[in-house]
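S.K.: Pasting a structure below so you can have a look.
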Amino acid sequence: MATRSTNLALFGGSKPWKSSEWTAQNDTLRGGSSVSHLIPSSNGTAIFSGNLDTTTLGSAGFASQRTTEDRVWDLSCFEGIEIVVGEDVAAGIVFSLAGIVFTLVLKDSLPPSNTDRGVMEESTISYETTFSPGVGERVYLPFVGFKAMYRGRAKEDAPPVNLANIKRFSLMVRSFFGTQSGPFQLTLVSISAVTPPGSL
């Protein structure tokens, strides 16, 4: 177990964003038409963007980017995740975030690897929390707020997330059964594991 600390850069900040660490995982594998991208910018941020389609699958749909790195993150000495939101200063514009609900997903177990491209992974339990950020905000997501989910539904009998064995992060925009759809964009400065002041 790592020594208890206040901050660990996961993506961005002191650990620069790399496009090779992320890949799309959209509803296209279920016949949907949603798309997503995560592209590092020259100013040190990364842009998570795409289009959430809810027409092809009848009000359902999701667009996400997940980590590709084959590793384990030990977050057992932290209390939550902090996401620092920026703005697209390189393009000189700010994309409105009003009303958009994003989901952060953690996994402590993965399905068997499948080398066949285009084949959907087997489902495993994920631990998820939602957030609706504003431009320039620091969003704190405590681990106690992550809920166990299986195939989009709450898994009440699941064990707590194993924070010493995190194997995947995902950023997602989902339809929530048709309540949101269309283009989205989130400028990310950094994602870190944190322990807030006063919690040590």
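S.K.: Suppose every Lys and Arg Cβ carries +1 and every Asp and Glu Cβ carries -1, with no other charges. What dipole size does the chain come out with about its Cα centre, to the nearest 20 debye? The partial results should precede the final answer.
M.R.: Values: 16 positive and 18 negative charges, 24 e Å.
I would put it at about 120 debye.
S.K.: Let me ask another. Gaussian network model of the chain, Cα springs within a sub-10 Å range: biggest mean-square fluctuation belongs to which of 62, 177, 78?
M.R.: With Cα springs under 10 Å in the chain, the top fluctuation among 62, 177, 78 is at 177.
S.K.: Same structure again: Would you count, across the chain, every pair of lysines whose alpha carbons are under 26 angstrom apart, provided the pair is eight or more residues apart or spans two chains?
M.R.: Qualifying lysine pairs in the chain: 10.
S.K.: On to the next question. With a sphere of radius 12 Å drawn around the Cβ of residue 106, what net charge do the other residues whose Cβ falls strictly inside it have (Lys, Arg +1; Asp, Glu -1)?
M.R.: +3
S.K.: Compute the convex hull volume of the Cα atoms of the chain, divide it by the residue count, and report the result per residue in Å³ as a whole number.
M.R.: 127
S.K.: Which whole-number percentage describes the relative contact order of the stretch 1-80, with Cα contacts under 8 Å and a sequence gap of 6 or more?
M.R.: Relative contact order comes out at 36 percent.
S.K.: Between the stretch 3-75 and the stretch 153-189, how far is it from one alpha carbon centroid to the other, in angstrom?
M.R.: Taking the Cα centre of each part, the stretch 3-75 and the stretch 153-189 sit 10 Å apart.
S.K.: Turning to a different aspect of this structure: Expressed in nm to one decimal, what extension gain is obtained for the pair residue 177 and residue 18 from 0.36 nm per residue of sequence separation less their Cα-Cα distance? Don't skip to the answer; put the middle values down first.
M.R.: Details: separation 159, 0.36 × 159 = 57.24 nm, distance 3.20 nm.
Taking residue 177 through residue 18 to full extension adds about 54.0 nm, to one decimal.
S.K.: Of the heavy-atom accessible surface of the stretch 120-200 (probe 1.4 angstrom), what whole percent is carbon and sulfur?
M.R.: C and S fraction of accessible area: 52 percent.
S.K.: Further question on the same structure: FRET efficiency for residue 30 and residue 70, Cβ-Cβ distance as r, R0 = 30 Å, nearest 0.05?
M.R.: After rounding, the FRET efficiency stands at 0.75.
The values are calculated or read from the model by the stated rules, or taken from the named source; none is laboratory data. Nothing here was measured: the structure is a model prediction, and the numbers come from that model. Positions of Cβ are backbone-derived with ideal geometry, glycine not excepted, and every protein chain shown enters the neighbour counts. These area figures cover heavy atoms from the full protein model, side chains too; ligands, DNA and RNA do not enter into them. Shrake-Rupley method; radii C 1.70, N 1.55, O 1.52, S 1.80 Å.
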